[in-house]
Protein chains: 4
Amino acid sequence: MTLTIGERLDPEIERRTPTGTIRVGVIGYGYWGPNLVRNFAEVPGSQMVAVSDLSAQRLAEVAARYPSLTTTTDFRDVLADPTIDAIIIATPVRTHFDLAMQALQAGKHVLVEKPMAETTQQGQLLVETARQHQRVLMVDHTFVYTGAVRKIKELVTGERLGQLYYYDSVRVNLGLVQHDVNVLWDLAVHDLSIMDYVLAQEPYAVAATGAAHIPGKPVNTAYLTCFFPDNLLAHFHVNWLAPVKIRRTLIGGDRQMIVYDDLEPSEKIKIYDKGITLNGNANPDKAHELLIGYRAGDMWAPQLPMTEGLRVEAMHFLDCIRTGERPVSDGVAGLRVLRILEAASVSLEHGGRPVELSPLEVA
Amino acid sequence: MTLTIGERLDPEIERRTPTGTIRVGVIGYGYWGPNLVRNFAEVPGSQMVAVSDLSAQRLAEVAARYPSLTTTTDFRDVLADPTIDAIIIATPVRTHFDLAMQALQAGKHVLVEKPMAETTQQGQLLVETARQHQRVLMVDHTFVYTGAVRKIKELVTGERLGQLYYYDSVRVNLGLVQHDVNVLWDLAVHDLSIMDYVLAQEPYAVAATGAAHIPGKPVNTAYLTCFFPDNLLAHFHVNWLAPVKIRRTLIGGDRQMIVYDDLEPSEKIKIYDKGITLNGNANPDKAHELLIGYRAGDMWAPQLPMTEGLRVEAMHFLDCIRTGERPVSDGVAGLRVLRILEAASVSLEHGGRPVELSPLEVA
Amino acid sequence: MTLTIGERLDPEIERRTPTGTIRVGVIGYGYWGPNLVRNFAEVPGSQMVAVSDLSAQRLAEVAARYPSLTTTTDFRDVLADPTIDAIIIATPVRTHFDLAMQALQAGKHVLVEKPMAETTQQGQLLVETARQHQRVLMVDHTFVYTGAVRKIKELVTGERLGQLYYYDSVRVNLGLVQHDVNVLWDLAVHDLSIMDYVLAQEPYAVAATGAAHIPGKPVNTAYLTCFFPDNLLAHFHVNWLAPVKIRRTLIGGDRQMIVYDDLEPSEKIKIYDKGITLNGNANPDKAHELLIGYRAGDMWAPQLPMTEGLRVEAMHFLDCIRTGERPVSDGVAGLRVLRILEAASVSLEHGGRPVELSPLEVA
Amino acid sequence: MTLTIGERLDPEIERRTPTGTIRVGVIGYGYWGPNLVRNFAEVPGSQMVAVSDLSAQRLAEVAARYPSLTTTTDFRDVLADPTIDAIIIATPVRTHFDLAMQALQAGKHVLVEKPMAETTQQGQLLVETARQHQRVLMVDHTFVYTGAVRKIKELVTGERLGQLYYYDSVRVNLGLVQHDVNVLWDLAVHDLSIMDYVLAQEPYAVAATGAAHIPGKPVNTAYLTCFFPDNLLAHFHVNWLAPVKIRRTLIGGDRQMIVYDDLEPSEKIKIYDKGITLNGNANPDKAHELLIGYRAGDMWAPQLPMTEGLRVEAMHFLDCIRTGERPVSDGVAGLRVLRILEAASVSLEHGGRPVELSPLEVA
């Protein structure tokens, strides 16, 4: 199944009869692992087989909830299980590459947390390895599978917004300060994955500024600009030390504009029929000057499908394994996001100096 | 009167008996001029004498409302009137320098719209000229005189927030696209003047990114970072083409944090007793690592004085003329803001490359 | 001009060439009077001639602003001026009847503040007197002329909402405690005038509860229910002593529902495609039971005309004088609102006992 | 443990060492049952033993999640189990009385869903039976145990608000239309239980209006006024057919006022230092008239304990069983709420006619 634009994915998925159960193992049962286990335990067509984690206590928790599961503190047990078809990796970022590589080499399909690796080079190796072993490599860009983001994609692709002007995102709150990755790798990665899906094009340069306020910890407040052709600009504000929670994206086009507020319980997306219009100038002396008109029209908030994004994603992963289709958030999508993060870190270290990105070439 | 921190300005101002009426002329009666005329007509101690504007229609409007005023299409009539003590300049940016310079040289006190000039060099000339002629030179940084911003200044100076981490401001809406100045000079100038007043320190570098989407018009969407010592970071997002109106500033410190939302009718400032705490690590093997604690306490929204900022500013200008005290938003404050804007424009032209600022030296 | 449903009133009004200027006098220049004077001074086709008020200071204010006006502390001067065509009455409620009656008997057209009188009987006498003298009698139901309420009327009349279920209104804040009228007569009168216009039907009974918390002052917190045929229910919550300002009306139908929030700067009206659907029951044993389905669809916020309601109202009043057409908020509309207020006061005095209303008969 | 005012309940509860495990059975595993089972399975000092429900599917669900539980479709199996100490009843309202009575007579402690029964008489019988058998009878007034409501109780009891003026509550959304009870019994019961706890006094009369819009279903939109001594007024607005979700309570006193918005994620309670002040009149002719001053001060949102209300309630129930103390929401509290609902239904049937309540007498 390809997740094409505007498709009402959910009803179809629910109707489909699964053929052949896919057996799943999960490595890492920390913050996000429980959500992954729950969804793969509940969707049709998959069976949760094993979970590994370094913490015996967490393993006890998952065992209590899912008594039929095998649990282990050694991830190699999961990789070595020949009955397991697919591995989900939900461990700290620094372990993603090694675990995903071993899983692919063991012939498993892989769904790995974002960011998929620590460097672009690692990401490319994973993509190549997946190709060689003809296995599905998917990155857990969860937001891409939510009803809200799929609706945005539909609106942008359907040219409802017209020529795109900007993509502006804010993701801040008083959040957990990470130890190994900075706030761009922790928070902006969500928004970069959404932007990558919605815009379907790559920036030619990025510039990032930020600051680290806690001794010994990485940058906790950061701003990232991505430059695209045709004056399209994307910007990301992320912060672990904000007093209020904000999750808001503005997307402006020359015809309509979107406000996406992920904290709104029911009206996450609002489409504004607002903008400017350019007209020829009636004054012959100023014929070269365009007259700007301002247009303020209706606002519209579409009803969104309510299926949990992670559930849609889980079914999509299983589908891609069965059919061989390319996931919407495949390894290359993960790689594109990784390249931006890597360039952003370079810019950050140079006080905001813009860093150019060469076009991504994947063999 | 000096506008010191935390002072409840308003009641005192209202009580004071004016001694000697200051006669005022206004050059420019466009968007902002009517507010200036109204306030100087209403505050005690000043008399509105003359208004000049290029538009006969606008002059008819002001004459209808204030029949005792003299109106003229030639600003030189206002400058030449020997009975006028003070000149207020509310014209397009490109004319600020010439008009302010002529007014100072004619021996008038000057209140000029922001930004005070087009270049730092012009700004410095104005500051020097005012000093030579011993005249008050004040820049119309209106927000600095509002109850909300004075309360923020009080909180920051009183160390309620502790060590400052960041200053983050958003000022966007579907607004009038200017022809001669970009969106930083039009919108961020407000926030830079607030930041200059609240932080009372100068950035050592700035970096700005942005895009121009309308043929023949300046940059309409922009992001500006200001770098300060001790990892203090300020950031500004301004946009003329946003579908919703946002006027929100976050100020984070290690003890408390502020959200300033200028669109809130009554609770413009909220102070959050939130943040992180750093403790020594009980684990001797990790004694060098600080343990991070998260603290979420009460929120508090102080009642703010309701006097219009421009009214407070008008009285302050008159006071400075009478007493010779330095205005809170004096020419040097205007110059500091101008230097940031000028450097931002350079950065913008170089795709976000950071631009260093040498310390401001005023003779 | 008749204000028919859905009509885009504003552009047409602005285009129309006035024929014959109508000369206007205003009695009462307190809280609302300045708005009335301003609008009648600005709309085409009318000329503000005279203002009376008991306060010499207020008269000085209006004279300063409108030097060509005649001012007087004796309202009889205004009534006696034979060049005046129309009288606007913006005085305390207890004087409405006497002033309006004298104005009508002096052959003037009358626009009177709401509520139009203190008793139904007084209201009926005014309506009859206007008819006898063939003069326009209009009540200042300002909200009826706003873009928001006209849009609601259009949606309700166009059956966009389907069968109406309820009309629920809240109008509370820390407001001025009145001395002579209770909070229903002061605040609910706004909402009753809106309801009367939107529903275009009369309740058959009302019930009101409330409390007076301030010694010697009238009821300051009240709740009013209006009962209509076909289970349509209207309810009003008004309060002078609330800590926050709320101006929100919910209107529910079996097809769509409206939320009208008058404090929203731009999206005052939101239309929800939400509700329940009733279906026959497939279970033959329960064939008499309808199955309830729940429907949650899109939300839509229409762009509203921005013309000030009072300006539209002023032009409508002048139009009715010229053409003899009946105003949308004519004396009979004022009378319908008055009857509800009068019955509500009776219910209030009896602890909420419902009071029936006989159908209004106007000769 | 008695839940006294202002006490920081949570930390103490967590520290306490339980002595003797209380064995719990649950009757009814529909909408709310899973939350009850989860909490009693997790709090220290209790053991979930058995669950009964008419639906085999639901029993399978709970068995899968809690493999050690006994499940049965016959509630009598639960009542007959001599090892069970306490029974929780989470079934439809019409079964509450019979089940609670049988459980008490079987010597079990009982926690029953609200409303506790269908009539006041039934409620009184339950209270008497619990007393005779010396068993704890508690009603599941969950909100009373939330951090937000406990903070409100603390503020009201501590006289922070001063003399109380009003209690105004709105609980509306597009919700499940019940078949057997009207919207007051389904939704207002929550707010009545909060009001009963916070005000700690009984109304002397109630008046209710409402309408039933769906054929064959009970009243779905209703308004209820409760009259208290000293002009204290409480009002409740509940609606199953509203387009938006509102959960907001205003509580006004002569010193401070509270806004409690249960949909706010973090600042559920805001305390406003707002109100009026009454002063003697300086004018000797009007010495009997008090002058009204208006006071607008700071707003304050206290940090609230985050423990789930139902968890606090579960621990309180276990504590009362162990110590014999009276629960905060004991049978008599349930009875007080029931009396109001019963009187409201009578008023509703008579079009809003007020119904008096005699003081509750419990032997």
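The values are calculated or read from the model by the stated rules, or taken from the named source; none is laboratory data. On a predicted model such as this, the values are computed, not experimentally measured, just so you know. When we count neighbours, we look across all protein chains shown, and the Cβ atoms used for this are built from the backbone with ideal geometry, even at glycine. In case anyone asks, the SASA skips ligands and DNA or RNA and just uses the protein heavy atoms, side chains included. Shrake-Rupley method; radii C 1.70, N 1.55, O 1.52, S 1.80 Å.
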Placing +1 on the Cβ of each Lys and Arg and -1 on the Cβ of each Asp and Glu in chain C, which of C:F40, C:S329, C:Q105 has its Cα farthest towards the positive end of the resulting dipole? C:F40
Accessible area of chain D divided out per residue, in Å², using a probe of 1.4 angstrom: 39
Charge dipole of segment C:204-363 about the Cα centre (unit charges at C-beta), most positive-ward option of C:V238, C:A343, C:G216: C:G216
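Just how large is the dipole of chain D about the Cα centre, in debye to the nearest 20, putting +1 at every Lys and Arg Cβ and -1 at every Asp and Glu Cβ? List each step's numbers first, then the result.
Details: 34 positive and 43 negative charges, 80 e Å.
So the dipole magnitude of chain D works out to roughly 380 debye.
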Which semi-axis lengths, in whole Å and largest first, follow from the square roots of five times the eigenvalues of the Cα gyration tensor of segment D:146-201? 27, 11, 10
Expressed in angstrom and rounded, the centroid-to-centroid distance over alpha carbons for segment C:182-252 and segment A:292-329 is 45
If the label for B:E264 sits 7 angstrom from Cα along the Cα-to-Cβ line, what are its distances to the same label in every other copy, in nm to one decimal, shortest first? 1.0, 2.1, 2.1
Mind putting together the pair-distance distribution for chain B? All Cα pairs, 10 Å bins, whole percent per bin, short to long. 5, 22, 31, 26, 11, 3, 1, 1, 0
Between chains A and D there is a rotation axis; tell me the chain A residue with the nearest beta carbon and how many whole Å away it sits. A:P67, 3
To the nearest 20 Debye, how big is the dipole of segment C:187-280 about its Cα centre, given +1 on the beta carbon of each Lys and Arg and -1 on that of each Asp and Glu? 320
If each of D:M306 and A:E61 carries a label point 7 Å out from its Cα toward its Cβ, how far apart are those two points in nm? 1.4
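Which percentage, to the nearest 5, of the DSSP beta bridges contained in the protein assembly as shown is antiparallel?
Values: 178 of 286 bridges.
DSSP beta bridges in the protein assembly as shown are roughly 60 percent antiparallel.
Just need the relative contact order of chain B here, percent rounded to a whole number, with Cα pairs under 8 Å and 6+ apart. Present the calculation step by step, with values, prior to reporting the outcome.
Numbers: 751 pairs, mean separation 68.2, N = 363.
Computed value for chain B: 19 percent relative contact order.
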In nm, to one decimal, how far is the modelled label at C:E154 from the one at D:L125, with both set 7 Å along Cα→Cβ? 6.0
Magnitude of the Cβ-charge dipole (Lys and Arg +1, Asp and Glu -1) of the protein assembly as shown about the Cα centre, nearest 20 debye, reported as 0
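Can you name the helices of chain C, as whole DSSP H runs, whose Cα span along the helix axis is 20 Å or more and whose Kyte-Doolittle mean is not below -0.5?
Values: long enough: C:309-323 (21 Å, 0.33); C:331-349 (27 Å, 1.02).
TM-like helix candidates: C:309-323, C:331-349.
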Copy-to-copy label separations for A:D180, where each label sits 7 Å from Cα toward Cβ, in nm and ascending: 5.5, 5.7, 7.8
Per q in 0.04, 0.07 Å⁻¹, report the Debye log10 I(q)/I(0) for the protein assembly as shown, using one uniform scatterer on each alpha carbon and no solvent. -0.29, -0.95
Toward the positive end of the charge dipole of segment D:25-103, about the Cα centre and with charges on Cβ (Lys, Arg +1; Asp, Glu -1), which of D:F75, D:T91, D:Y31 goes farthest? D:Y31
Say a label goes 7 Å from Cα toward Cβ at B:P359 in every copy; what distances in nm does this one have to the rest, shortest first? 5.1, 7.9, 8.9
Percent of Cα-Cα pairs more than 25 Å apart in segment C:167-301, please. 41
Under a straight-distance cross-link criterion of Cα-Cα below 27 Å, which lysines are reachable from A:K153, leaving out those fewer than 8 residues away in the same chain? A:K114, A:K245, A:K268, A:K270, A:K274, B:K245, C:K270, C:K274
Would you calculate, for chain C, the mean residue ellipticity at 222 nm contributed by helices, counting each DSSP H stretch of 4 or more residues as -39,500 (n - 2.57) and dividing by all residues, to the nearest 500? -9500 deg cm²/dmol
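Find out how many positive minus negative residues lie around D:I84, taking Lys and Arg as positive, Asp and Glu as negative, among other residues whose Cβ is under 13 Å from that of D:I84. Provide the component values of the computation, followed by the final result.
Details: positive: D:R23, D:R76, D:K108, D:R135; negative: D:D77, D:D81, D:D85.
Overall, the nearby charge balance is +1.
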When the accessible area of the protein assembly as shown is split by element with a 1.4 Å probe, what percent falls to carbon and sulfur? 49
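One-quarter of the Cα convex hull surface for segment B:46-117, in nm²?
Values: hull surface 18.7 nm².
Hull-based average projected area comes out at 4.7 nm².
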